[in-house]
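This report concerns only the one structure given below.
The values are calculated or read from the model by the stated rules, or taken from the named source; none is laboratory data. All figures in this text were calculated on a predicted structure; none of them were measured in a lab. When we count neighbours, we look across all protein chains shown, and the Cβ atoms used for this are built from the backbone with ideal geometry, even at glycine.
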Amino acid sequence: MTKLLEVKGLTAAYGQVRVLHGLDFSLEEGGVTTLLGANGAGKTTTLRAICGMVKSGGEILFEGKNILGKSTEDVARLGVAHIPEGRGTFTRMTVEENLQLGAITRRDKQNIAKDIDKMYDHFPRLKQRRTQQAGTLSGGEQQMLSIARALMLRPRLMLLDEPSFGLAPMLVREMFDILTALNRDEKASMLIVEQNAALALGIADEAYLLETGSIVMSGPAKQIGADENVRRSYLGY
Amino acid sequence: MELLTQQVLAGISTGAIYACMALAVVMIYQAIDHLNFAQGEMAMFSTFIAWQLIEKGVPYWLAFLITLVVSFIGGVAIERIVFKPIEHAPVLSHVVIFIALYSVINSMAGFIWDFTVKSFPSPFGSSPLFGSTLISSHQGGMVAVTLGLLLLLYLFFSYTSVGLAMRAAAANPASARLVGIRVSWMTALGWGMASAIGAIAGMLIAPVVFLEPNMMISILLYGFAGAVLGGLTSPGGAVLGGFAVGIIENLAGTYIPVIGAELKLPIALVVIVVVLVFKPAGLFGRVVVSRV
Amino acid sequence: MSASAHEETVVHHDIGESPEGENRPIARPATPAANAGAGARRIIFLALLAIALVLPMFIKNFVVFQLTQTMVYAIAIVGLNLLTGFNGQFSLGHSAFYAVGAYTAAIMMEHMGVNYVWTLPVAGVICFILGFLFGLPALRLEGVYLALATFALAAATPQILKLSPLEHWTGGVQGIVITKPDAPFGLPFNQDQWLYYFTLIVGVILYIAAKNLVTSRTGRALMAIRDNPIAARSMGVNTSLYKASAFGLSALYTGIAGALGAIIVQFVAPDSFTLTLSIGFLVGLVVGGVGWLPGALFGGAFLLFVPNIAEGVSKGLSGAVYGLLLIAIIYVMPSGLAGFIQAVVGKLRGK
């Protein structure tokens with residue numbers, strides 16, 4: 001069956017500066033793939049390229065169709081939910097409005113209210129704060145909100161950029177548990193970009209290691225996690 | 001005390017004008033996150049179009065409706081043609097474009113319709129309201145329409161999807177795109193709506209101040225002042241701010257001896273600035289706590 | 001992590017917004033000549049200076065007068081650039097400082113019989129103090145609020161100048177007529193030529209001073225405050241002092257420009273210093289390039305010549321022509337001349 005996402009020879013540049021030098025990777029439906037690498041390796045750029053936020057070349061096949069060159073909003077409307085670095089919360093709007101915004105392009109209006117309730121079941125703390133301005137939430141709560149907002153799209157694919165960033169370890173653990181559950185129960189397909197390699201490898205099926213804009217290693221997550229060099233450089237032991 | 005009451009009432013009735021304008025200002029600010037300096041000129045131009053239609057014999061309410069539609073289209077057109085090409089330019093360049101737009105529209109109006117003062121009819125008549133000589137039925141109508149418009153806008157922004165999308169697009173265009181909102185359409189829509197509201201404001205104001213190309217200059221400024229005083233994010237605050245500005249202006253003119261008619265404007269602005277120094281978000285603006 | 005309260009309409013950094021979201025800079029600082037290298041810049045500067053020195057010999061007096069006026073505007077724009085371009089404080093009120101400088105010169109020359117040369121430093125000092133004092137309460141205001149406050153200043157200025165109690169000094173609505181000075185030491189220049197050279201000298205000195213300021217530690221502090229005031233403060237920069245001083249310095253430049261302007265035009269009157277002038281400075285600033293000092297000359301020229309050109313094209317539609325020309329310039333150079341040169345230099349260097 002066709003892969004959900006297939007990227008071939010992806011290049012990207014900021015102005016004159018080439019940041020990605022021809023990436024090849026793919027993601028199966030229902031799978032979790034992680035892109036690992038140090039700061040500046042090009043992980044965020046990769047996600048942004050998929051969403052049409054940066055000048056790119058090559059091929060990005062989503063459900064078999066090339067989406068390179070599509071605008072960000074068109075890619076979103078195809079069912080790709082991108083949770084950016086910094087979470088991208090609508091800080092001036094309430095929690096509830098943020099969730100509504102997640103679903104704003106959906107045609108099946110009648111199910112939206114039900115989905116919002118489902119989100120509140122997943123994330124009770126958000127329910128407590130539903131009428132609060134999103135900007136007043138803590139980092140962990142905003143991260144929950146951003147995941148919930150992405151889910152409101154009923155996405156075919158979720159792109160998560162550094163979900164552990166700035167969060168206390170316990171919260172990070174909680175969040176990755178939620179992501180694991182989502183993948184298992186809702187069959188949510190995810191492409192996760194992470195600096196915290198241990199966590200990401202714990203949840204992913206496939207892993208790709210990025211170094212200065214090129215993929216230097218790829219394979220099943222367990223295999224990558226067991227590799228000597230990876231362990232020493234990225235896992236700390 | 002008699003004088004004070006009189007001046008306050010007079011302030012409220014001129015304040016209705018500013019409130020209307022302030023509403024249009026906040027409207028476009030919500031839609032595009034910019035203050036539109038050419039708003040007054042666009043309103044003035046729309047009012048001239050209405051005037052022209054009425055001169056040609058078109059009945060008032062039909063002319064009103066046609067003007068609204070034309071203004072809406074005009075607003076969208078200006079956004080698409082003038083602003084879209086430079087959407088990534090720095091903020092100050094945008095400000096300069098607004099200035100240029102002001103110049104173009106003002107000049108064209110003067111060229112087409114010249115600078116002689118014209119009268120503009122009111123659908124409410126001009127008899128004294130409730131027997132008081134200070135507020136005429138037209139001014140009462142102005143207040144009513146402004147409040148009615150305010151209610152409609154509140155409902156639109158708070159309870160419709162389009163309204164929510166527009167707010168999101170203005171507040172955080174990048175995130176809005178990520179949820180699939182077509183930000184540039186929202187911006188165009190916002191311009192159209194603001195243009196139409198400005199037209200309503202112009203058509204309400206013209207019967208009082210008389211129609212000529214420079215009629216909106218000080219009104220726009222008072223409208224800005226009212227909007228800022230009320231808090232740029234609060235349409236209700238803007239309306240209240242507009243009324244407040246009217247009252248302040250009148251009281252300043254009456255009670256501060258050195259002030260002639262010309263200094264009323266700067267004094268009103270000074271009062272507002274002083275308020276802002278103590279309440280930076282305006283009287284009704286929401287203070288956002290941001291984490292650094 | 002600290003939380004700080006901002007009102008909604010202030011552009012602020014917070015981790016909730018994605019990079020392109022709300023944090024559009026007030027201007028993209030341009031350094032087009034940085035690539036060209038200091039040597040090339042110096043050559044260009046000296047070449048322009050040489051041309052400027054020789055020019056009056058070859059052109060009509062009226063054009064000399066116009067060029068002098070251009071330089072005067074350029075000085076004012078440099079002042080505005082220091083405040084808005086390098087320190088991020090938006091001002092629509094600089095016509096007020098220009099007016100103060102102009103009237104200072106007029107009053108000193110006509111009522112006190114002081115030599116015109118001394119009016120410049122006095123105008124500068126007075127304007128610095130006024131600017132600094134205005135800058136203090138302005139510390140609390142940002143963006144649109146500062147715009148409104150400075151707008152009020154500009155709008156009030158002509159009215160204040162017309163106030164009857166001050167008429168003895170200001171000449172009320174009629175204003176003051178100034179006697180044009182002659183060239184000193186019997187130099188073989190007529191009045192217009194001498195004033196051209198005088199303005200040129202003052203302009204070059206002020207420009208070099210500004211250049212040194214922005215490349216110094218102080219300049220970097222100013223720019224740090226513009227780009228990220230919270231970070232600047234946490235690094236120990238006394239933002240309040242710098243911001244108020246920036247206002248003062250900016251006013252100083254504009255005040256000196258005003259004094260020069262008055263001397264050249266030989267006349268000051270309240271209605272010469274309206275909001276339109278402030279807006280003109282802003283337009284000149286943007287057209288030249290915000291955050292790029294040399295652009296001021298281009299901006300000054302635009303301010304002086306383009307309205308005339310517009311009127312020449314069509315008397316009745318001069319405003320429309322002016323507006324269209326302005327829009328056209330911004331389309332071609334969205335970041336002013338600075339951005340344009342930067343783009344051209346970039347293309348010339350190849351990809």
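One table, with the values for the structure above:
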item	result
Matching entry among C:SER335, C:SER278, C:SER318, C:SER272 (being polar (S, T, N, Q) and closer than 17 Å to B:VAL91 by Cβ)	C:SER335
Residue satisfying all of: in region C:294-325; in contact with a Phe, Trp or Tyr (Cβ under 7 Å, 6 or more places away or on another chain) and not in a helix (DSSP H, G or I); modelled with the highest pLDDT among these	C:LEU317
Failed item in (1) closer than 22 Å to A:LEU20 by Cβ; (2) outside any helix (DSSP H, G or I); (3) touching a residue at least 12 places away in the same chain (Cβ under 8 Å), with A:LYS187 passing the rest	(1)
Filter result (buried (at least 24 other Cβ atoms within 10 Å of the Cβ) and over 17 Å from C:ALA154 (Cα atoms)) within region C:260-276	C:LEU260, C:GLY261, C:ALA262, C:ILE263
Members of region C:310-327 found to be under 22 Å from the mean Cα position of the chain (by Cα) and not aromatic (Phe, Trp, Tyr), listed by number	C:GLY323, C:LEU325, C:LEU326, C:ILE327
In region B:98-118, the residues that are at the interface with another protein chain (Cβ under 7 Å from one of its Cβ atoms), among the β-branched types (Val, Ile, Thr) and touching a Phe, Trp or Tyr at 6+ places or on another chain (Cβ under 7 Å)	B:ILE99
Positions within region A:190-227 being among the small types (Gly, Ala, Ser) and in a helix (DSSP H, G or I), in sequence order	A:ALA197, A:ALA198, A:ALA200, A:GLY202, A:ALA221, A:GLY225, A:ALA226
Selection status of B:ILE86, modelled with pLDDT under 85, surrounded by fewer than 22 Cβ atoms within 10 Å (Cβ to Cβ) and facing another protein chain (nearest Cβ under 7 Å)	yes
Total residues in region C:277-296, condition within 22 Å of C:VAL173 (Cα to Cα) and either buried (at least 24 other Cβ atoms within 10 Å of the Cβ) or without any contact (Cβ under 8 Å) to a residue 12 or more places away in the chain (or both)	1
Conditions (1) under 25 Å from C:VAL283 (Cβ atoms); (2) assigned to a helix (DSSP H, G or I); (3) at pLDDT below 80: number failed by C:ALA38	(1)
Candidate set: region A:70-84, residues that are assigned to a strand (DSSP E or B) and β-branched (Val, Ile, Thr); chosen: the one surrounded by the fewest Cβ atoms within 10 Å (Cβ to Cβ)	A:ILE83
Qualifying residue in region C:150-168 (condition: away from chain B (no Cβ under 14 Å) and not hydroxyl-bearing (Ser, Thr, Tyr))	yes
Residue pairs meeting the criteria (Cβ under 7 Å; at least 6 apart or on separate chains; first within 7 Å of another protein chain (Cβ to nearest Cβ) and closer than 28 Å to A:LYS43 by Cα, in region A:79-97; second polar (S, T, N, Q) and assigned to a loop (DSSP other than H, G, I, E, B))	A:PRO84/C:SER18; A:GLY86/C:SER18; A:GLY88/C:SER18; A:PHE90/B:ASN172
Of the criteria (1) modelled with pLDDT under 75; (2) under 21 Å from B:LEU211 (Cβ atoms); (3) not β-branched (Val, Ile, Thr), which one B:PRO128 fails	(2)
Region A:181-237, residues that are in contact with an Asp or Glu (Cβ under 8 Å, 6 or more places away or on another chain) and at positive phi	A:LYS187, A:GLY219
Failed item in (1) of a type outside the set (Phe, Trp, Tyr); (2) in a helix (DSSP H, G or I); (3) at the interface with another protein chain (Cβ under 10 Å from one of its Cβ atoms); (4) touching a residue at least 24 places away in the same chain (Cβ under 8 Å), with C:ALA328 passing the rest	(4)
Every residue from region C:103-137 that is buried (at least 24 other Cβ atoms within 10 Å of the Cβ), touching a Ser or Thr at 6+ places or on another chain (Cβ under 8 Å) and either closer than 28 Å to B:VAL275 by Cα or of a type in the set (A, V, I, L, M, F, W, C) (or both)	C:ALA105, C:ALA123, C:CYS127, C:GLY131, C:GLY135
Lone qualifier among B:GLY242, B:GLY253 - being modelled with pLDDT of 80 or more and either part of a helix (DSSP H, G or I) or more than 14 Å from chain C (Cβ to nearest Cβ) (or both)	B:GLY242
Looking only at region C:166-191, and only at residues there that are among the polar types (S, T, N, Q) and within 19 Å of C:ASN61 (Cβ to Cβ), the one that is surrounded by the most Cβ atoms within 10 Å (Cβ to Cβ)	C:GLN191
Selection count, region B:89-123, where residues are part of a loop (DSSP other than H, G, I, E, B) and closer than 27 Å to C:PHE151 by Cβ	4
Any hit, region A:166-175, residues being under 15 Å from the mean Cα position of the chain (by Cα), at pLDDT 90 or above and within 22 Å of A:ALA150 (Cα to Cα)	no
Residue list for region A:94-111, filter: under 22 Å from the mean Cα position of the chain (by Cα) and of a type outside the set (Gly, Ala, Ser)	A:VAL95, A:GLU96, A:GLU97, A:ASN98, A:LEU99, A:GLN100, A:LEU101, A:ILE104, A:THR105, A:ARG106
Unmet criterion (only one of (1) without any contact (Cβ under 8 Å) to a residue 60 or more places away in the chain; (2) within 30 Å of A:PHE25 (Cα to Cα); (3) assigned to a helix (DSSP H, G or I); (4) within 8 Å of chain B (Cβ to nearest Cβ)) for A:ARG48	(4)
Set B:LEU68, B:LEU101, B:LEU92: member being touching a residue at least 24 places away in the same chain (Cβ under 8 Å) and under 30 Å from C:ALA338 (Cβ atoms)	B:LEU101
Which numbered condition C:PHE185 misses (of (1) out of contact with any helix residue (DSSP H, G or I) (no Cβ under 7 Å at 6 or more places or on another chain); (2) aromatic (Phe, Trp, Tyr); (3) under 26 Å from B:SER218 (Cα atoms))	(3)
Selection from region A:138-157 of residues that are within 14 Å of chain C (Cβ to nearest Cβ) and crowded, with 22+ Cβ neighbours inside 10 Å	A:GLN142, A:GLN143, A:MET144, A:LEU145, A:SER146, A:ARG149, A:ALA150
Residues located in region A:46-69, provided they are surrounded by fewer than 19 Cβ atoms within 10 Å (Cβ to Cβ) and out of contact with any helix residue (DSSP H, G or I) (no Cβ under 7 Å at 6 or more places or on another chain)	A:LYS55, A:GLY57, A:GLY58, A:GLU59, A:LEU61, A:GLU63, A:GLY64, A:LYS65, A:ASN66, A:LEU68, A:GLY69
Spans of helices (runs of 4 or more DSSP H) in region C:212-275 with at least 2 residues closer than 20 Å to C:ALA123 by Cβ	C:239-265
